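The values are calculated or read from the model by the stated rules, or taken from the named source; none is laboratory data. In this text the structure is predicted, and so the values were computed from the model without any measurement. With ideal geometry, Cβ positions are generated from the backbone for all residues, glycine too; neighbour counts draw on all protein chains shown. Note: accessible area is taken over every heavy atom of the protein model, side chains too, but ligands, DNA and RNA are not part of it. Shrake-Rupley method; radii C 1.70, N 1.55, O 1.52, S 1.80 Å.
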Amino acid sequence: MTTHNVLNQKRQILYVVNEDWAFCSHFLERAIAAKMSGYVVGVATHCSTHKARIESHGIEVFPTNMTRRGLNPIREFSTILKLARIYRKFRPSIIHHVALKSIVLGSIATLSIRNVKIINAPIGMGYIFSSDDSKANFLRPLLKFTLRRLLGFRDGQVIIENQDDFNQLVHGNYVNSGKILLIRGAGVDLSIYKEEPEPKNGMTITLVARMLRDKGIREFVAAATILKERHPDAEFLLVGDVDDGNPASLSVDQLKKWTQSGIVKWTGQRTDIPSILAHSNIVCLPSYREGLPKTLIEAASVGRAIVTTDVPGCREVVEHGINGLLVPPRDVSALARALELLINDVQLRKRMGQESRKLAVERFSSNIIIRETLNAYRSVFV
């Protein structure tokens, strides 16, 4: 065993994540890799249905009462106390806070411990930064003020997922440029999301995401309504579940009504995403803002042409005219035109799909993301 691994065995990493499903989706691979490198790994999270899966990999789970919905002062104070107790019990060498609420509450909880390295990952900048409703507009200045004081708290390191957010945090004086790293998303397992030729029969346009307004679901349905008149045999799929913990979630009733109309088909939550993407001709995500959308790097890995919005995160995956098309957010007409261009041009879809796979291999492979994350853990001790 190398000296490096012996040193790592004395160090413990604790992830603090809002939801156990989010940890499994975006960080489980990296946590397993950290454990295999010699770290002791734990996760503090709100547990729904994934606790046993996480523990099966030898990762200790600390259930929390953290919720993404609302800002109840009593509940949030209770969460801070709970996290402080977990920190004192687990005694982490590194705490990796994931998403805005974990950063805020978790950073306050670290006041109860010493000799710990902090990594903050404000992935996607969240509902507060992407929504234009009155609640988000009210909270945004308060959150910006808080983040300026917490992101670099206790000489911590910051990991961001796309170049736009990187630039915003540095130029907005949220964090010193020497304390921020760019690691592009969760990565994609190229052996699971294999390059596949698109189906020869039919035309399927697929959107895979949580059913949130901020994902551009309404714009997708509106574009499908336009295109169905000219392409009645085209199938428009919505794949993903509602998210009751998110204020931007659509209702089950609304999604069922759209399905009953025959314009789109809502499949609900699915676990066979590689197969769904392989049986799709085009993948679409008209989101308002992202960290780095996992669904798009998975689509790229399968080798699909992509239509998405020209916003942070999405334009990190799609180079306009190369592996897909970028359209302005909330612009239904532009979205419909871009989708129709690809519907009508099989050779363009094929060329863009090949470029997508190339981009996935060169930039978004899980091996690349795991290596960069483990390097980030090592660097905090230098």
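Provide the FRET efficiency to the nearest 0.05 for the residue 91-residue 52 pair, computing r from the beta carbons and using R0 = 22 Å.
Using R0 = 22 Å, I get an efficiency of 0.35.
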Of every hundred units of 1.4 Å-probe accessible area on the stretch 208-306, the number belonging to carbon and sulfur atoms, as a percent, is 46
Quick check on the stretch 251-357: take the gyration tensor over C-alpha atoms, sort the square-rooted eigenvalues as a ≥ b ≥ c, and tell me if it's rounded (a/c under 1.5), prolate or oblate. rounded
Evaluate E = 1/(1 + (r/R0)^6) for residue 333 and residue 244, where r is the Cβ-Cβ distance and R0 equals 45 Å; express this FRET efficiency to the nearest 0.05. 0.90
Can you find, among 168, 185, 222, the residue sitting farthest towards the positive end of the charge dipole of the stretch 157-225, where Lys and Arg contribute +1 and Asp and Glu -1 at Cβ? 222
Estimated 222 nm signal from helices in the chain, with DSSP H stretches of n ≥ 4 weighted -39500 (n - 2.57), rounded to 500: -13000 deg cm²/dmol
Which entries of 101/179; 51/82; 294/350; 89/179; 51/89 have Cα-Cα distances beyond 24 Å here? 89/179
Tell me which lysines have Cα within less than 24 Å of residue 257's Cα, excluding those fewer than 8 residues away on the same chain? 215, 228, 265
Between (i) 63, 52, 40; (ii) 61, 51, 35; (iii) 64, 49, 41, the structure-derived Cα extents along the principal axes in Å is (iii)
Going toward the positive end of the dipole of the chain, with +1 on Lys and Arg Cβ and -1 on Asp and Glu Cβ, which of 156, 122, 364 do you reach last? 156
Among rounded, prolate and oblate, which fits the stretch 329-378 when a ≥ b ≥ c are the square roots of the eigenvalues of its C-alpha gyration tensor, a/c under 1.5 means rounded, and a/b larger than b/c means prolate? oblate
State in Å² the accessible area per residue of the chain; use a 1.4 Å probe, count heavy atoms of protein chains only, and round to the nearest integer. 44
What are the residues whose amide H is under 5 Å from the amide H of residue 365, where those residues sit 5 or more places off or on another chain and H is modelled from the backbone? 188
